[in-house]
Amino acid sequence: MRIDIRPVSRLRGEHPLDVAGTLGPVLAALAASPADLPRVMLTCDWVQYKANFRDVADCRPILEGQPSPPWREEGTAPSEAGEAMEIALDLRRTVDADMPAVIGKLLAEQRDPASSGKIALEGWVPGRSSCIWQFNALYWQALSFWEQATGREYEQALPGGESDARNTAAVRELILELFKVWDDLDARDALPPELYVVELGVGNGNQAKTWLDEFVKLSAAHSRDYYRRLHYMMGDYSPHVLGRAMKAVAQHGDHVTTLVVDATHPTASLGFLRGKAFLVYISNVYDNLPTDEVARIGGRPYQVEVSAYLPGAEAARLGQSIGVTPERLPDVVGKLLKLGPELLCEALPQHFADPGQAVTFWREAWGAVRLAERYVPLPGLDTYQIAEGLTGELLRTQLEADGDLRMHVNNGALSSFARTLPLLHPFGRLQCHDLFVTDIRQYLTAFCGPGKYDGSVVNWVNGPLLRHVGNRAGFSVDIAPFSARPSSNVKTLTAQVRD
Ligand SMILES: C[S@@+](CC[C@H](N)C(=O)[O-])C[C@H]1O[C@@H](n2cnc3c(N)ncnc32)[C@H](O)[C@@H]1O
């Protein structure tokens, strides 16, 4: 049996983790079960996100071939059928849990899935296609409803309690570097009359406001009036967010334009800027875009498939709160995700008297959502499509370099990045503040998502993979500590045409 302990840094120090205390009862429970022990993999994480999609212990089948029929419907424990499985533990929570009971229940549910009372919200799908991304989109589409109910703004959930994009020193540094590029081009009569700056994923507009306010000051102090020529384009997929951001920068009038843009396909609405943008700015967005995970287990590549579900007890409570049976919840949740809280009341007035009740249901459902996972063999990396024009071959170096590992593909971020680069002026740059994995080996020792930030999803971004894609397109890609908070997990990625 293989045991992987990822949060190794917690094994030392003043208060080391009592892993042995956790593993003892787990191993005893497994030994007493009919599980096929040589084919059991025990993986220990430290899930730092208090709100997440995991239980204290989860069981993940490792399939031999393409699933047919689905294991859930077979009604037998994978272990009994001699199938391989991973038992995943969250060490942050195992200390307070009755582990023999937890593992006993987990294995019993594997033998008899119906006994769990779990309500599946979807079938098995790659991570990027899960309905958790519809929850995520709903959060940004109906942000005010959520914030009203919680009494706190989304920014407070970000690392550091506010967006790093608002750091004035970092903003000034970036603008002064832009001025230098423009001065040089101007000296050669090569500066275009229109100076385009694009921001993708604008949130409440505070970043744009900080940036524009600083720009005005620096431009006034500069020999050339760049502000007069500046066009700041704010793109987001949520019209609600755009409206809010526009209010925040109202004083900058005609210098600002808003556009509904899907960050994963920016060229669809921003194609007219091809080769013209001097700066594309993106902060805390890549970690919020849909992603798959892939793994190498025993030297073989697998795709992680997920199925969002509501645990039995939560489903019973949630159903009772709106007067429906748990079995009807997938339908009600589906309507919520399609219509949003306001229209849900109109569609189902017998269950929701006002939007407030619909928001309560939304928040509770989101809080309860978990992801079941299984590993499905990838027949060949070339058959796996990361995004349009990006094949799974790009994953080969990472998946084959460091032995077994599990990592993010960040399909949405890769698609966004690859399609944003062509928008850059030859002297332009893309700058991004986000939670980046900078070395693939970090996946061996850290939990990198998914987690929940209020109503949204967070996954760290596979930086070396972005760098690989940028390099292939002729760009240099640098990922450096965020200068204003060097110890932070938020890093700064800069991509520019290679000299
Ligand atoms: C965490 S907020 C970051 C806001 C701001 N950049 C900051 O740092 O505070 C994520 C933003 O990305 C937007 N977003 C998420 N997915 C998107 C997508 N596929 N296309 C466009 N915008 C998206 C959300 O609407 C939201 O405004």
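Listing for the model above:
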read-out: Per-q log10 I(q)/I(0), the range 1-116, q = 0.13, 0.19 Å⁻¹ (Debye; single scatterer per alpha-carbon; no solvent); value: -0.51, -1.03
read-out: Three-way shape label, the range 374-499, alpha-carbon gyration tensor, a/c 1.5; value: oblate
read-out: Percent of alpha-carbon pairs separated by more than 22 Å within the range 425-499; value: 29
read-out: Nearest-0.05 FRET efficiency for Gln156 and Glu364, computed from C-beta distance (R0 30 Å); value: 0.90
read-out: Pairwise label distance in nanometres, Glu393 with Leu185, each label 7 Å out on the Cα-Cβ vector; value: 3.4
read-out: Extended-chain gain in nm, criterion 0.36 nm per residue less alpha-carbon gap, Ala169 and Asp213; value: 14.6 nm
read-out: Loop GluC sites (Glu not before Pro), the range 173-259, which have at most 16 other Cβ atoms in a 10 Å radius of their Cβ (DSSP); value: Glu194
read-out: Per-residue ³J(HN,Hα) for the range 219-234, Karplus 6.51 cos²θ - 1.76 cosθ + 1.60, θ = phi - 60°, Hz, x for Gly and Pro; value: 5, 5, 8, 9, 5, 10, 8, 6, 4, 4, 9, 7, 10, 9, 9, 9
read-out: The range 334-340 - phi-based ³J(HN,Hα) in whole Hz, Karplus 6.51/-1.76/1.60, Gly and Pro as x; value: x, 5, 4, 5, 7, 9, x
read-out: Projected label distance in nm at Ala32 and Arg328, using a 7 Å step from Cα toward the beta-carbon; value: 4.1
read-out: Net charge, Asp213 excluded, C-beta distance under 11 Å - Lys, Arg +1, Asp, Glu -1; value: +3
read-out: Rounded to 5, percent antiparallel among DSSP beta bridges of the chain; value: 55
read-out: Compactness index (Cα Rg / 2.2 N^0.38 Å), the range 328-421; value: 1.62
read-out: Lysines whose Cα lies under 30 Å from that of Lys209, excluding same-chain neighbours fewer than 8 positions away; value: Lys180, Lys217, Lys247, Lys276, Lys452, Lys491
read-out: Folded to 0 to 90 degrees: helix 99-111 orientation relative to the chain principal axis, Cα; value: 80
read-out: Sparsely packed trypsin sites (Lys or Arg not before Pro) within the range 1-47, loop by DSSP, other Cβ within 10 Å at most 11; value: Arg12
read-out: Between 0 and 90°, nearest 10: helix 132-141 axis offset from the chain longest Cα axis; value: 40
read-out: Asp382/Phe272 FRET efficiency (R0 30 Å; Cβ-Cβ; nearest 0.05); value: 0.30
read-out: Cα-based shape type of the range 222-362, given that a ≥ b ≥ c are square roots of the gyration tensor eigenvalues and the cut on a/c is 1.5; value: oblate
read-out: Whole-Hz ³J(HN,Hα) from phi, Karplus 6.51 cos²θ - 1.76 cosθ + 1.60, for the range 327-332, glycine and proline x; value: 5, 7, 4, x, 5, 5
read-out: Long-range HN-HN contacts of Ile3 with modeled amide H, under 5 Å; value: Leu42
read-out: Trypsin sites (Lys or Arg not before Pro) restricted to the range 236-283 and DSSP loop, no more than 12 other C-beta within 10 Å; value: Arg274
read-out: Rounded to 10°, Cα long-axis angle of helix 355-368 versus longest principal axis of the chain; value: 60
read-out: Student exercise, the chain dipole from Lys, Arg, Asp, Glu Cβ charges, in Debye to nearest 20; value: 620
read-out: Expected 222 nm ellipticity per residue - DSSP helices of 4 or more, -39500 (n - 2.57), all of the chain, to 500; value: -10500 deg cm²/dmol
read-out: Quarter of the Cα convex hull surface for the chain, i.e. its orientation-mean projected area (nm²); value: 24.6
read-out: Span per principal axis, largest first, for the Cα atoms of the range 377-451 (Å); value: 40, 28, 23
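Every number in this text was worked out from the coordinates using simple rules, so none of it is lab data. Keep in mind it's a predicted model, so treat the numbers as computed, not measured. Cβ atoms come from the backbone with ideal geometry, glycine included; neighbour counts cover every protein chain shown.
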